[in-house]
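S.K.: Have a look at the structure that comes next, please.
Computed from the coordinates by the stated procedures, all read-outs in this text should not be read as laboratory data. Please read all numbers here as calculations on a predicted model, not as lab measurements. Here the Cβ positions follow ideal geometry from the backbone for every residue, glycine too, while neighbour counts run over all protein chains shown.
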Amino acid sequence: MIRGIDQIAQKRKYIPSKPTKLAVVITLILVFTGCNYSGFRKDEPQQERISLPTVAEAEIIPTDKSSAFLHSVQDIILGNPEFDAVEDILKTYGVLPYLRQPKAFTLFIPRGSRFDRETCEYFNALFLEAGTQGIVDVFYAHAIDGRYDTAEIMSEMGSMSSNTFNILSLDEEMLTLSVDLDGVYTISNKGVEARISIFDQMATNGIVHGIDHWLVPIGK
């Protein structure tokens, strides 16, 4: 069972074991239909895309406690072409239920329509070793508890009189959010730094930001 956001008291470690018959079958399916150098997307009818408001339009959506946002985190990702590659991972490895968590969280995910072959092979290998939970934990490494739009991030920085803000991810790793004098926002984890380029995608159960690459060492 996939862990809920409020059930991550300890970081999970995995012990490699012999692949089950189901794992072998899934691997063959991924190799021949799901994963290749051009990405994860399969040749099958795709879910109709949701028409989402632009960032400017989203700013006028009522955000007080009596009014909900229009879309969930899942809706934001499925409805934005900038997140097509992440959408493929979520669907291929069964991670969509994670996005339906009722507790609010802020997610930083790579933008792009396709991932390269190295990234694809990384997720395939991780799935064989740790199953869906292993893929979920990658997303936990890119998420923090609560709602953090740019205004809240700047508020946290201001309270510490600093241009950086440290906070634990849902995978219990320290993330560092920074902004430079040119207004460029970045997020880093253990020396892996990504630029934030899509901001404040508001959702019923959190906020989504787009970054330029993963915060985990893919292929290393």
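S.K.: Need the full-extension length gain, residue 213 to residue 150, defined as separation in residues times 0.36 nm minus the C-alpha distance. One decimal, nm.
M.R.: Stretched fully, the residue 213-residue 150 segment lengthens by 20.8 nm.
S.K.: With a 10 Å radius around each residue's Cβ, average the other Cβ atoms per peptide and rank 107-116, 160-169, highest first.
M.R.: Final packing ranking: 107-116, 160-169.
S.K.: Can you give the FRET efficiency for residue 118 and residue 96, using 1/(1 + (r/R0)^6), R0 = 30 Å, r = Cβ-Cβ distance, to the nearest 0.05?
M.R.: FRET efficiency, residue 118 to residue 96: 0.80.
S.K.: Which GluC sites (Glu not before Pro) in region 132-184 pass both tests, a DSSP loop state and at most 13 other beta-carbon atoms within 10 Å?
M.R.: Counting only loop positions with at most 13 other Cβ atoms within 10 Å, the GluC sites (Glu not before Pro) in region 132-184 are 172.
S.K.: Sticking with this one: Can you tell me which of 140-149, 179-188 comes out highest on packing, and rank the rest after it, using the mean Cβ neighbours within 10 Å?
M.R.: 140-149, 179-188
S.K.: As a test of the definition: which semi-axes, in Å, follow for region 122-220 when you take the square root of five times each eigenvalue of its alpha carbon gyration tensor? Largest first, please.
M.R.: 26, 15, 12
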